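One structure below.
The values are calculated or read from the model by the stated rules, or taken from the named source; none is laboratory data. It should be emphasised that the depicted structure is a prediction, and the values quoted were computed from it without experimental measurement. We place every Cβ from the backbone using ideal geometry, glycine too, and count neighbours over all the protein chains shown. In case anyone asks, the SASA skips ligands and DNA or RNA and just uses the protein heavy atoms, side chains included. Shrake-Rupley method; radii C 1.70, N 1.55, O 1.52, S 1.80 Å.
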Amino acid sequence: MHLLERSSPLRELGGLLAATEAGGRVVLLAGEAGIGKSALVQRFTEGHAGDARFLAGACDPLLTPRALGPLHDIARQAGGRLAELLASGGPREAVFAAFLDQLARPPRQVVVVEDAHWADEATLDLLVFLGRRLERTPAMLIVTYRDDELGADHPLRGVLGALPQGLVHRVRLGPLSGEAVAELARRAGRPASGLWELTGGNPLLVTELLAAEEPGVPATVWDLVLARLARLPAAAQEVVRLVAVVPTRAELWLLEEALAPPPAAVERCVAAGLLVMDQEAIGFRHELLRQAVEGSLSPLARRQLHRQVLRALSDARGREVDIARLVHHARQADDLEAVLRHAPEAARQAAAVSAHREAVGHYQAVLPLQDRLPPPARAELLEAYSIQAYLSGLAEQALDARQAALRIREAEGGSPERLGESLRWLSRMSWWAGRRREAEAAAARAIAVLERGEPGHQLAMAYSNQAQLDMLAYRAQAALAWASRAMELARRLGDQETLGHALNNVGTARLLSGDPGGRADLEQGFEVAVAAGLFDHAGRALVNLSSSAAEMRDYRHARDDLDRALAFVADHQLAGYTSHLTGVRARLRLDQGDWAGAERDARAALAGAEPRRQGGITVVDALLALGRLQARRGDRDAAATLDEAAARVLPTGELQWIGPLSAARAEHAWLHGEAERAAAEAARGFALAVRAGHPWFAGELAFWRWKAGAPPEVPAVAAEPYRLLLAGDWRAAAGAWEALGCPYEQAQALAHGDEQACLRALRLLDGLGAGQAAQRLRRQLRAAGALRVPRGPIRETAANPAGLTGRQLEVLRLLAAGQSNAEIAARLSLSVKTVDHHVSALLAKLAVGSRRQAAAAARRLGVALGEDGGPAGQS
């Protein structure tokens, strides 16, 4: 069949394939469901079959996706070492390396990963792995996905952003024009009237409506599919219904085993246009059709069909069946025994390839059935789930599961070692959930229980856990003492896990005490953990290295440390750290004057932890960065953002968050002229910071107390820029901040100088978009008698924290007014394709996933259109 209005993307794909002689290319093929992505890839494959070898794999919409599903599909086509490693359960690093080696062999190869919006975590890792290494490989990677299903928090969005942009080429398929739809109707011998309006130009919907045998147009595709289904013989209907409960496609052997239909029945399904079949499998021409049929089934019929499929998959002798599929069908069949049998193993397999969220999904399927297990097995299940939930950033679920497991251990009176281990994990998870007291109590109990037995690994880890708690509380000497005990026992036992864990604590304690030698300890801890395959501990070493650098304003290292840590935790699916690190980077960017980047990071961190209640303390850094940014700009949301941060921070008692929270809320109060509240907020963390000897927290809180009207008190530990300013040397303080690359703090120091210094501060604040702070400084200048106080920037500049270009602002205003891309193009005398590019860039810069969300952002930023077509709001 000829593809209408697709010659341009086909030519583009052909040109990119030819360009792979100079190095690899990545094509991101996007569009809504039914827009023709698979058809385009199929036509491209057919047209270039003599130019390259094509390897294709698909992601499936299983309840819990199968780990590395597309790679298993590809391995069956490629064979060789890749297939051997996957079949034997080889290490993920070896599997990825084997795949890269496969792509480097002649002939030139094209890898197609379809429906990446359904990809599991391990497959997302694979895409990043390939993207970063494809430059030197003469191969092409095509990734198809539904971009209309990618919200700001979808994991694929982060993967697409992580791909090397120099290799990436984006191809987005739009709907068919009215002329193309009319041509399709003409070819089908049908009237075109109203067809484009009914379908929106979606090729699938157009094709389905035109394929209907009855005259007229059914009201919905649902009606159309069911009407066509009803016209099939009973045996063919059984085939369609069974295939409908198998996500993506059903293997032919599976169809035979589960149903054994007569060949004529299968052929009728294909002839009717409902199903398509190749040499190995049969499936619907589009997922929407499958969903329509599946949704039409009664609960009883759906359950029975899933039981048939489960039986066939379970009895598949000599065939490789992904266990995630067994779990999916067992859950849908309500076969509780099968869920209990398969889900824990599926979770273990997913965890083994760092697909922690998939592991959580499998464990959550079996948790309601835990009462069927004997107590020891139930405790093991809860403990395993708690670790995967912890690694996935689900702080509360992890803690709840660990507490339940501990109750079972205590009731059973098991070995002290297992009880001590559970207590030690309870301590860690309690702290991560923001419960310092419970963490301290569990840590002490763990040590007490374990010291009653023979010294071993669990006791060493309990010592190191206590060192970690002390380090996090800035009790450096206590942390070093406990860590020393842990390392001494670890070396005696040859215990590399504890050694790496304790080195992390030592290094961080030293860095937070101002000892730069702590970096070497953290690097050693990282190397020990990586060598032992302990990626959580390795990730924590990099987290501590980067967050300590940012906290201590070590800007020589902080940016590189954060990028390195984020890459590592993403590669190893340590989602529990990702939101935290992204929030730390938001804080760093705020400090360094990249406010657009700070907002993107903060919102990405918060979106990644949705629902936010799962974020625990991991989103505090993001909330504080966003709240301070909003306060400085004068956004109405600032108070609510900082209140949310306070609700998480205050119960923890942790200085690392109480210090920044106190400063942020003091600044917000001062910017609004509430000196008394500013002083109270600053006082909240001041004594704590001085007692801990924290130079930056103590200095900043002393500064805000002074700004709020208290006599200047210069703590001996205060960092130099604050010490200089509190001593009256604003010029030296401004120079110190400038040397650090902190323009907002530089402006604060200059604002205490003469009129020229204040005017310079005003220029810095206006350049940053700090409208509220600039407004306060303007009032200060006028009160001091300054005759020429510059007006503020125009509304467009002040309301543009996302760093949009002038043209992008115009497009955003029209988009917020509800205009289509075609209407925007006509209004601005641009091509529709150019507007498409502008809209895609807007969504990325605003960190939103839809036009509706972009319109909401435009209203929030004050750049929406008023009734007269100009910017809304005051100028």
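Could you list, in sequence order, all residues of the range 59-109 that are outside any helix (DSSP H, G or I), open to solvent by 40 Å² or more (accessible area, probe 1.4 Å) and without any contact (Cβ under 8 Å) to a residue 12 or more places away in the chain?
Pro91, Arg105, Pro106
Only one of (1) open to solvent by less than 20 Å² (accessible area, probe 1.4 Å); (2) more than 28 Å from Tyr390 (Cα to Cα); (3) not polar (S, T, N, Q) is not met by Ala675, so which one is it?
It is condition (1) that Ala675 fails.
Six or more apart or on different chains, Cβ under 8 Å: which pairs go from a residue in the range 508-525 that's closer than 20 Å to Ala719 by Cβ to one that's outside any helix (DSSP H, G or I) and among the small types (Gly, Ala, Ser)? Could you list them?
Hits for this filter: Arg510/Gly517; Ser513/Gly693.
So which residues in the range 171-186 are under 28 Å from Ala19 (Cβ atoms), in a loop (DSSP other than H, G, I, E, B) and open to solvent by 20 Å² or more (accessible area, probe 1.4 Å), if there are any at all?
Correct list: Gly174 only.
Among (1) open to solvent by 10 Å² or more (accessible area, probe 1.4 Å); (2) within 22 Å of Gly533 (Cα to Cα); (3) β-branched (Val, Ile, Thr), which single condition is Val168 missing?
Unmet condition: (2).
Look through the range 679-703, keep the residues that are over 10 Å from Ser662 (Cβ atoms) and under 36 Å from the mean Cα position of the chain (by Cα), and return whichever of them is surrounded by the fewest Cβ atoms within 10 Å (Cβ to Cβ).
Once the filter is applied, the top-ranked residue is Gly693.
Residue check: is Ala598 open to solvent by 10 Å² or more (accessible area, probe 1.4 Å), modelled with pLDDT under 95 and assigned to a helix (DSSP H, G or I)?
no
Got a sec? Which of Glu251, Glu208 is at pLDDT 85 or above, of a type in the set (Asp, Glu) and either open to solvent by less than 40 Å² (accessible area, probe 1.4 Å) or within 36 Å of the chain's Cα centre (by Cα) (or both)?
Glu251
Within the range 134-142, can one find any residue that is surrounded by fewer than 20 Cβ atoms within 10 Å (Cβ to Cβ) and part of a helix (DSSP H, G or I)?
Yes, that holds for at least one residue.
If we scan the range 143-156, do we find a residue that is open to solvent by less than 20 Å² (accessible area, probe 1.4 Å) and closer than 19 Å to Asp571 by Cβ?
yes
The conditions are (1) at pLDDT below 95; (2) closer than 27 Å to Gln573 by Cβ, and Ser464 fails exactly one of them. Which is it?
If we test Ser464 against (1) at pLDDT below 95; (2) closer than 27 Å to Gln573 by Cβ, just (1) comes out false.
Could you tell me how many of the residues in the range 708-734 are surrounded by 19 or more Cβ atoms within 10 Å (Cβ to Cβ) and closer than 20 Å to Ala666 by Cα?
9
Given the criterion assigned to a helix (DSSP H, G or I) and closer than 19 Å to Gly653 by Cα, identify the matching residue among Ala441, Ala405.
Ala441
Give just the number: which of (1) surrounded by fewer than 16 Cβ atoms within 10 Å (Cβ to Cβ); (2) over 37 Å from the mean Cα position of the chain (by Cα); (3) assigned to a helix (DSSP H, G or I); (4) modelled with pLDDT under 75 does Glu214 not satisfy?
With (1) surrounded by fewer than 16 Cβ atoms within 10 Å (Cβ to Cβ); (2) over 37 Å from the mean Cα position of the chain (by Cα); (3) assigned to a helix (DSSP H, G or I); (4) modelled with pLDDT under 75 applied to Glu214, the lone miss is (3).
State whether one or more residues within the range 271-286 are within 29 Å of Ala75 (Cα to Cα), open to solvent by less than 50 Å² (accessible area, probe 1.4 Å), touching a Leu at 6+ places or on another chain (Cβ under 8 Å) and in a helix (DSSP H, G or I).
No, the range 271-286 contains no residue that is within 29 Å of Ala75 (Cα to Cα), open to solvent by less than 50 Å² (accessible area, probe 1.4 Å), touching a Leu at 6+ places or on another chain (Cβ under 8 Å) and in a helix (DSSP H, G or I).
Among the residues of the range 662-672, are any aromatic (Phe, Trp, Tyr), assigned to a helix (DSSP H, G or I) and at pLDDT 95 or above?
There is at least one residue in the range 662-672 that is aromatic (Phe, Trp, Tyr), assigned to a helix (DSSP H, G or I) and at pLDDT 95 or above.
Working only within the range 781-800, note down all residues that are at pLDDT 55 or above, surrounded by fewer than 16 Cβ atoms within 10 Å (Cβ to Cβ) and assigned to a helix (DSSP H, G or I).
Once the filter is applied, which keeps residues that are at pLDDT 55 or above, surrounded by fewer than 16 Cβ atoms within 10 Å (Cβ to Cβ) and assigned to a helix (DSSP H, G or I), the range 781-800 yields Arg782, Ala783.
In a strand (DSSP E or B), under 29 Å from the mean Cα position of the chain (by Cα) and within 19 Å of Asp147 (Cβ to Cβ): is that true of Val41 in this structure?
no
Name the single residue that is surrounded by the fewest Cβ atoms within 10 Å (Cβ to Cβ) among those in the range 407-447 being in contact with a helix residue (DSSP H, G or I) (Cβ under 7 Å, 6 or more places away or on another chain) and hydroxyl-bearing (Ser, Thr, Tyr).
Ser430
Just to be sure before I move on: is Arg372 farther than 30 Å from Glu32 by Cα, open to solvent by 20 Å² or more (accessible area, probe 1.4 Å) and touching a residue at least 40 places away in the same chain (Cβ under 8 Å) in the structure I sent?
No; evaluated as a whole, the condition is false for this residue.
For Glu358, state whether it is assigned to a helix (DSSP H, G or I), touching a Ser or Thr at 6+ places or on another chain (Cβ under 7 Å) and either closer than 29 Å to Leu40 by Cα or touching a residue at least 24 places away in the same chain (Cβ under 8 Å) (or both).
Yes; evaluated as a whole, the condition is true for this residue.
Residue by residue, here is whether (1) touching a Lys or Arg at 6+ places or on another chain (Cβ under 6 Å); (2) in contact (Cβ under 8 Å) with a residue 60 or more places away in the chain; (3) surrounded by 14 or more Cβ atoms within 10 Å (Cβ to Cβ) holds:
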site	(1), (2), (3)
Arg311	no, no, yes
Ser314	no, no, yes
Arg317	no, no, no
Arg325	no, yes, yes
Asp334	yes, no, no
Glu337	no, no, no
Arg348	no, no, yes
Ala365	yes, yes, yes
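Pull up the range 551-570, narrow it to residues that are free of Cβ contacts under 8 Å to residues at least 60 places away in the same chain and among the charged types (D, E, K, R), then point me to the one that is nearest to Ala625 (Cα to Cα).
Checking each candidate, the answer is Arg559.
Please go through the range 461-516 and give me each residue that is open to solvent by 30 Å² or more (accessible area, probe 1.4 Å), of a type in the set (S, T, N, Q) and in contact with a Leu (Cβ under 8 Å, 6 or more places away or on another chain), ordered by number.
Gln496
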